[in-house]
């Protein structure tokens, strides 16, 4: 059975939980052991909802949180039921071990811990000051003989409470509400997909080549012990002329346009120079005091530590909105929400893993920047397109500077060129890229991933790296690889894990996982991992092609890797995969299955697919076909589904 459900969809978890609890109940019954399946269901839900989602790995800390925190707060049970909880959990842990489902890292001290926690558990369950608001009222109903699963009885109880016919302690009710509020406000475990990062030495080498870092070093060298500023706190024009050349920003002092000289009145007008100076201030490399620009000595030491310096520059980037989105004839909505926009862009690029289209980033930033404004209401509607263009203009500036920093790269479409070409050269003065860049996509560099990961960790996210997972058990590795942000990350993890295990041991563990798993998605990722192992792994997968339990997935994976011809997948194989896919959708309801199915093609395509599903022999096909028969709007397609369901049995 699949046992790892870290961040899994609730419907997927519930379905697996029901199957695992059912198998445990059956196992215990065969041995004449009395158990309470509800206690196991509660434990598994706790492990999934607030734990690590590894249902087969339990520690004493997990037990303490479950028995002394989760259950007293949330689970309504009469006192006579308490006595079944600990014995049931003891049998459950024995079940995991004897059936081979227990994770090797399961704590061997669990039975002893259950004995030690018995007294504390009973005291916690009986302490009404620990009840959450739902449990408070549920216990009142249970004590009055109300079946809390019966909507009519619950409704009558609520009516009696509202009529003042049920006595309750308002202070206890208030305490329960406070506890529930505190629980809801408690930071939840927010785990992101693991990413691959190179060693610090490689990151430091990349940071040393950052153009932004070069400019910051030049600026600090120029500042020396301090430089005089204007009365408005700006670099003097005389100094600016020198700095523009030293920094290589491409800014032009006193530009000439159509034979007319436009005098530069302030260094603030020199876009590239101004951004560099403000960046140094935001990174706390320089400061202003008594009309002078001074170095911050404690951070100047980072100039010789490129990765640390790059980290300071990256962390300072979201605070550069006023400099990067400089004002002109008008301002975009992004200027004063630049920090939120920058974090949203970096998070999107990090979590999506691969390339992110510039159009998608523009939509993301526009939604974020415009949510505080009534842009859909007249008369503002007439200005909406102008506002969108202004936001896109500043988004391009944001991406240009991130590329100069070395945090991301803009990959050109057919139009050619890159954002760096524009920011480092002719458009360093602030001109946005032209419309031919609309097909570009953004991709984080290794440095960008490193910096964004630190940013997300500071925001409370768990952001693991592949190196943290490489020493894990096979099922955890397969789960993380399947959820990886990119195919490259998944391959890197599997290679690192295989190298640590040794090829022979890695193949043996993946094969064992495959044979005990009941999850098709897990099969596919595991089969893919075996094929990636090379000849020895491919031999294992080839040997599974005739195993009816796994068919047609070994052939599918081999075909995806070009080992066998795609034509070896027949109509029956395709029908099996379709039935499995729709069975997963069915967990969300019959109507959702019909919606997905009807998107496949016209009525003739649908009827042919239904006939194939009726003959494919997949055990989940009858339920899928029955759902389609009940809810499909086309009578002919519905009739075909009914006939196919009867044929499927």
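Among the residues of region 141-161, is any in the same structural domain as residue 48 (by TED's automatic domain parsing) and either within 35 Å of the chain's Cα centre (by Cα) or within 19 Å of residue 44 (Cβ to Cβ) (or both)? Spell out the reasoning first.
Pass one, region 141-161, residues in the same structural domain as residue 48 (by TED's automatic domain parsing): 141-161.
Of the ones still in play, those that are also either within 35 Å of the chain's Cα centre (by Cα) or within 19 Å of residue 44 (Cβ to Cβ) (or both) are 149.
Among the residues of region 141-161, at least one is in the same structural domain as residue 48 (by TED's automatic domain parsing) and either within 35 Å of the chain's Cα centre (by Cα) or within 19 Å of residue 44 (Cβ to Cβ) (or both), which makes the answer yes.
Tell me which residues, restricted to region 17-38, are farther than 17 Å from residue 100 by Cβ and either in a strand (DSSP E or B) or under 30 Å from the mean Cα position of the chain (by Cα) (or both).
The initial filter retains those residues of region 17-38 that are farther than 17 Å from residue 100 by Cβ, namely 17-18, 21-22, 25, 29, 32-38.
Result: 17, 18, 21.
Of the numbered conditions (1) in contact with a helix residue (DSSP H, G or I) (Cβ under 6 Å, 6 or more places away or on another chain); (2) assigned by TED's automatic domain parsing to the domain that holds residue 148; (3) closer than 23 Å to residue 523 by Cβ, residue 63 fails exactly one; give the number of that condition.
(3)
Within region 80-98, does at least one residue satisfy the condition of being in contact (Cβ under 8 Å) with a residue 24 or more places away in the chain and in a loop (DSSP other than H, G, I, E, B)?
no
Residue under question is residue 608, and the condition is that it be free of Cβ contacts under 8 Å to residues at least 12 places away in the same chain, in a helix (DSSP H, G or I), outside the structural domain of residue 14 (by TED's automatic domain parsing) and farther than 14 Å from residue 520 by Cα; does it hold? Break it down stepwise before answering.
On the way: free of Cβ contacts under 8 Å to residues at least 12 places away in the same chain: yes; in a helix (DSSP H, G or I): yes; outside the structural domain of residue 14 (by TED's automatic domain parsing): yes; farther than 14 Å from residue 520 by Cα: yes.
So residue 608 passes the test.
When residues of region 145-176 are filtered for being loosely packed, with under 14 Cβ neighbours inside 10 Å, modelled with pLDDT under 80 and in contact with a helix residue (DSSP H, G or I) (Cβ under 7 Å, 6 or more places away or on another chain), how many remain?
1
All but one of (1) at pLDDT 75 or above; (2) not assigned by TED's automatic domain parsing to the domain that holds residue 310 hold for residue 180; state the number of the condition that does not hold.
Checking residue 180 against (1) at pLDDT 75 or above; (2) not assigned by TED's automatic domain parsing to the domain that holds residue 310, the one that fails is (1).
Considering only residues that are assigned to a loop (DSSP other than H, G, I, E, B) and touching a residue at least 12 places away in the same chain (Cβ under 8 Å), look in region 535-569 and name the one that is farthest from residue 490 (Cα to Cα).
First pass over region 535-569, keeping only residues assigned to a loop (DSSP other than H, G, I, E, B): 544-552, 561-565, 569.
Cutting the leftovers down to touching a residue at least 12 places away in the same chain (Cβ under 8 Å) gives us 544-545, 550-552, 561, 563, 569.
Details: 544: 23, 545: 24, 550: 22, 551: 24, 552: 23, 561: 15, 563: 20, 569: 26 Å.
Top of the filtered list is 569.
When you scan region 449-457, do you find a residue that is surrounded by fewer than 20 Cβ atoms within 10 Å (Cβ to Cβ), without any contact (Cβ under 8 Å) to a residue 60 or more places away in the chain and either in contact with a strand residue (DSSP E or B) (Cβ under 9 Å, 6 or more places away or on another chain) or in the same structural domain as residue 540 (by TED's automatic domain parsing) (or both), even just one?
Looking for residues that are surrounded by fewer than 20 Cβ atoms within 10 Å (Cβ to Cβ), without any contact (Cβ under 8 Å) to a residue 60 or more places away in the chain and either in contact with a strand residue (DSSP E or B) (Cβ under 9 Å, 6 or more places away or on another chain) or in the same structural domain as residue 540 (by TED's automatic domain parsing) (or both), one finds none in region 449-457, hence no.
Condition check: surrounded by fewer than 16 Cβ atoms within 10 Å (Cβ to Cβ), more than 23 Å from the chain's Cα centre (by Cα) and without any contact (Cβ under 8 Å) to a residue 24 or more places away in the chain. Does residue 339 satisfy that? Explain how you work it out, then say what you get.
Numbers: surrounded by fewer than 16 Cβ atoms within 10 Å (Cβ to Cβ): yes; more than 23 Å from the chain's Cα centre (by Cα): no; without any contact (Cβ under 8 Å) to a residue 24 or more places away in the chain: yes.
Criteria not met by residue 339.
Can you find a residue in region 265-283 that is surrounded by fewer than 19 Cβ atoms within 10 Å (Cβ to Cβ) and more than 19 Å from residue 323 (Cα to Cα)?
Checked against the condition, which is being surrounded by fewer than 19 Cβ atoms within 10 Å (Cβ to Cβ) and more than 19 Å from residue 323 (Cα to Cα), region 265-283 yields no hits at all.
Listed here are the residues, each with its yes/no results for (1) outside any helix (DSSP H, G or I); (2) farther than 30 Å from residue 577 by Cβ; (3) touching a helix residue (DSSP H, G or I) at 6+ places or on another chain (Cβ under 8 Å); (4) at pLDDT below 90.
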position	(1), (2), (3), (4)
437	no, yes, yes, yes
447	no, yes, yes, no
481	no, no, yes, yes
498	no, no, yes, no
504	no, yes, yes, no
522	no, no, yes, no
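Need a quick list: helices (runs of 4 or more DSSP H) entirely within region 190-248 having at least 2 residues that are under 29 Å from the mean Cα position of the chain (by Cα). Steps first, answer last, please.
Values: elements: 200-208, 211-223, 237-247.
Hits in region 190-248: 200-208.
Only residues that are without any contact (Cβ under 8 Å) to a residue 24 or more places away in the chain and part of a helix (DSSP H, G or I): list them for region 1-13, please. Walk me through how you get there before you give the answer.
Filtering region 1-13 down to residues without any contact (Cβ under 8 Å) to a residue 24 or more places away in the chain leaves 9-10.
Listed by number, the list holds a single entry, 10.
The values are calculated or read from the model by the stated rules, or taken from the named source; none is laboratory data. It should be emphasised that the depicted structure is a prediction, and the values quoted were computed from it without experimental measurement. Note: ideal-geometry Cβ built from the backbone for every residue, glycine included; neighbour counts use all protein chains shown.
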